[in-house]
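S.K.: The structure follows.
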Amino acid sequence: MLRTKKWIKTGKLFCCVVMIVPFITGCWDRLEIEERAVVLGVSIDTANTEEASREEDEVAHVSGSIPAPAVGMVRVAVQIALPGRIPLGPGESGGSSGSAEQTVWVIDVVGHSIDDAFMNLQQQVSSRLFFGHLRVIVVSEAVAKKGLENVNDYFRRNPEVRRMAWMMISKGRAIKFMKAAPKLERVPTLYLMSTLDEGMRMGKFPKDYIGIFWSNVSKKGQEGFLPYVEMKKEQNVEIKGLAYFVGEHLVGVTKPLEIAGYLGIKGVNPAGYRVFIQLDNSSDTIMTNTTYRKSKIKVHIKDNIPHFTIKVAVELNMEEKLSEKSKLNNPAILKLYEKKQEEVSVKFYSDIIKKTQQKGSDIFGFGEYIRAMQPQYWNKHIKTAEKWRSVYKECEFDIHVSMKLRRIGMKAQ
């Protein structure tokens with residue numbers, strides 16, 4: 001009996017130890033935040049091969065043992081947060097209390113590839129590079145035209161990179177976005193991120209996080225696109241359009257207003273673009289604001305060529321009129337404005353689609369509609385992304401637009 005009680009007591013003690021051990025081992029591999037080099041933003045530019053070869057140290061390979069890649073070497077810059085200097089509350093977020101140089105450290109290196117460049121960078125930084133808080137990747141237009149294969153491969157393999165970070169294509173050098181000091185934000189990458197996030201909420205840009213871009217690039221019936229940005233005079237950032245791709249190569253850029261065309265065709269809400277509308281043979285001009293969009297896309301096959309029917313319904317507000325002679329209290333005049341904007345919109349949407357057709361870049365995902373609605377046709381005549389790019393150039397589109405001007409506002413007499 002005593003021996004049995006002893007074994008029971010030993011068993012209970014052993015069970016308690018087994019249950020406690022997992023709770024006391026949680027911090028065995030801890031790494032303090034001060035011991036990490038937290039990367040907030042990355043820029044990627046082309047580098048002159050001769051100059052870069054002289055600048056590059058023998059970190060990942062011996063000099064001269066590895067030839068420069070055919071697409072050339074890259075210059076990678078990172079924006080690293082300085083511990084204790086990042087603003088933590090709304091009272092500390094303004095740009096007047098400090099400049100960007102006080103909150104982040106910008107350092108650039110060269111390399112044969114993205115991974116090689118980060119190896120060279122790690123050799124110069126005492127703390128381990130950490131990408132868990134990476135928010136923005138800015139790639140120059142020159143690099144994007146050569147192809148993003150290496151860029152996408154490196155960041156997709158890195159488990160620390162969040163899929164809700166933003167990748168964007170810059171007009172000119174990308175490194176200047178890392179060195180910028182915007183007035184509204186002490187951390188430049190956060191300003192870049194909020195520019196796109198707020199643009200998305202205001203209906204001026206579609207949801208296109210880096211994870212969505214990678215997903216679109218992987219599809220057989222759709223191509224990827226990224227925001228195209230430019231640094232302006234006061235170091236503020238303008239969204240210049242959509243940078244659209246064939247595979248992983250940049251092939252074209254839209255105008256800023258053509259972003260609204262993409263959003264209209266896809267029926268993305270909220271809506272937030274404004275346009276001028278002028279009646280024929282008249283000086284009467286008003287500006288309208290799109291408040292709601294709805295689209296419906298159908299596809300049928302005719303003579304082995306896909307024919308798409310796109311119906312777009314748009315609701316509008318009247319924002320202002322440029323002439324006091326315009327009689328907006330007349331329903332017949334409002335109908336004329338609706339009719340005119342419908343005509344303009346049909347041509348506008350058609351031109352955007354034709355622009356992407358010329359490059360074989362289906363950023364709208366029409367090919368995915370065929371895969372879903374016409375699987376027999378896809379499996380017999382297309383099958384691959386390369387084939388769809390050539391077929392997309394031959395597709396025909398029938399676009400119908402319905403405009404409804406609902407509010408004209410009030411005016412005190």
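The values are calculated or read from the model by the stated rules, or taken from the named source; none is laboratory data. Because the structure is predicted, anything quoted here is derived from the model rather than measured. As a convention, Cβ positions derive from the backbone with ideal geometry for all residues, glycine included, and neighbour counts pool all protein chains shown.
S.K.: I'm trying to understand the selection: among the residues of region 299-356, which are under 23 Å from Val391 (Cα atoms) and of a type in the set (Lys, Arg)?
M.R.: Lys302, Lys311, Lys347, Lys354, Lys355
S.K.: How many residues does region 51-78 contain that are at pLDDT 75 or above, among the small types (Gly, Ala, Ser), over 12 Å from Asp108 (Cα atoms) and surrounded by 15 or more Cβ atoms within 10 Å (Cβ to Cβ)?
M.R.: Counting residues in region 51-78 that are at pLDDT 75 or above, among the small types (Gly, Ala, Ser), over 12 Å from Asp108 (Cα atoms) and surrounded by 15 or more Cβ atoms within 10 Å (Cβ to Cβ) gives 2.
S.K.: How about region 372-413: which of its residues are of a type in the set (Phe, Trp, Tyr) and more than 30 Å from Glu319 (Cβ to Cβ)?
M.R.: Step one: of region 372-413, the residues of a type in the set (Phe, Trp, Tyr) are 377-378, 388, 392, 397.
Across region 372-413, the qualifying residues are Tyr377, Trp378, Trp388, Tyr392.
S.K.: Among the numbered criteria (1) surrounded by 12 or more Cβ atoms within 10 Å (Cβ to Cβ); (2) within 30 Å of Thr285 (Cβ to Cβ), which one does Arg389 miss?
M.R.: Evaluating Arg389 over (1) surrounded by 12 or more Cβ atoms within 10 Å (Cβ to Cβ); (2) within 30 Å of Thr285 (Cβ to Cβ) leaves (2) as the failure.
S.K.: Which of the residues belonging to region 367-413 are within 26 Å of the chain's Cα centre (by Cα), among the β-branched types (Val, Ile, Thr) and within 28 Å of Lys347 (Cα to Cα)?
M.R.: Passing the criteria: only Ile370.
S.K.: Continuing with the same structure: I want to confirm something. Restricting to region 320-362 and keeping residues that are in a loop (DSSP other than H, G, I, E, B) and among the acidic types (Asp, Glu), which single residue is surrounded by the fewest Cβ atoms within 10 Å (Cβ to Cβ)?
M.R.: Going through the qualifying residues, I end up with Glu324.
S.K.: Would you check if there is a residue in region 40-50 being loosely packed, with under 14 Cβ neighbours inside 10 Å and modelled with pLDDT under 75? Quick ask: steps written out before the conclusion?
M.R.: Residues of region 40-50 that are loosely packed, with under 14 Cβ neighbours inside 10 Å, as a first pass: 48, 50.
Applying the additional criterion that residues be modelled with pLDDT under 75 yields none.
No: zero hits.
S.K.: Just one of (1) closer than 23 Å to His400 by Cβ; (2) out of contact with any strand residue (DSSP E or B) (no Cβ under 7 Å at 6 or more places or on another chain); (3) not hydrophobic (A, V, I, L, M, F, W, C) trips up Lys296, so point out which.
M.R.: With respect to (1) closer than 23 Å to His400 by Cβ; (2) out of contact with any strand residue (DSSP E or B) (no Cβ under 7 Å at 6 or more places or on another chain); (3) not hydrophobic (A, V, I, L, M, F, W, C), Lys296 is out only on (2).
S.K.: Return the residues of region 141-160 that are within 14 Å of the chain's Cα centre (by Cα) and within 25 Å of Ala81 (Cα to Cα); say none if nothing qualifies.
M.R.: Once the filter is applied, which keeps residues that are within 14 Å of the chain's Cα centre (by Cα) and within 25 Å of Ala81 (Cα to Cα), region 141-160 yields only Asn152.
S.K.: I've got another one for you. How many residues are acidic (Asp, Glu) and either surrounded by 14 or more Cβ atoms within 10 Å (Cβ to Cβ) or closer than 13 Å to Glu320 by Cβ (or both) if we restrict to region 269-294?
M.R.: Total meeting the criteria: 1.
Condition check ((1) assigned to a helix (DSSP H, G or I); (2) without any contact (Cβ under 8 Å) to a residue 12 or more places away in the chain; (3) surrounded by fewer than 17 Cβ atoms within 10 Å (Cβ to Cβ)) across all residues:
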{"residue": "Glu198", "(1), (2), (3)": "yes, yes, yes"}
{"residue": "Asp208", "(1), (2), (3)": "no, no, no"}
{"residue": "Glu223", "(1), (2), (3)": "no, no, no"}
{"residue": "Lys240", "(1), (2), (3)": "no, no, no"}
{"residue": "Lys255", "(1), (2), (3)": "no, no, yes"}
{"residue": "Ile259", "(1), (2), (3)": "yes, no, no"}
{"residue": "Tyr262", "(1), (2), (3)": "yes, no, no"}
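S.K.: Still on this model: I need the full set of residues from region 295-319 which are free of Cβ contacts under 8 Å to residues at least 12 places away in the same chain and crowded, with 16+ Cβ neighbours inside 10 Å, in order please.
M.R.: None; the set is empty.
S.K.: Here is a follow-up. Among (1) surrounded by fewer than 16 Cβ atoms within 10 Å (Cβ to Cβ); (2) out of contact with any helix residue (DSSP H, G or I) (no Cβ under 9 Å at 6 or more places or on another chain); (3) modelled with pLDDT of 90 or more, there is one condition Gln374 misses while meeting the rest; what is its number?
M.R.: Exception for Gln374: condition (1).
S.K.: For region 157-174, give me the residue count where each residue is surrounded by fewer than 20 Cβ atoms within 10 Å (Cβ to Cβ) and in contact (Cβ under 8 Å) with a residue 24 or more places away in the chain.
M.R.: Residues that pass the stated criteria total 9.
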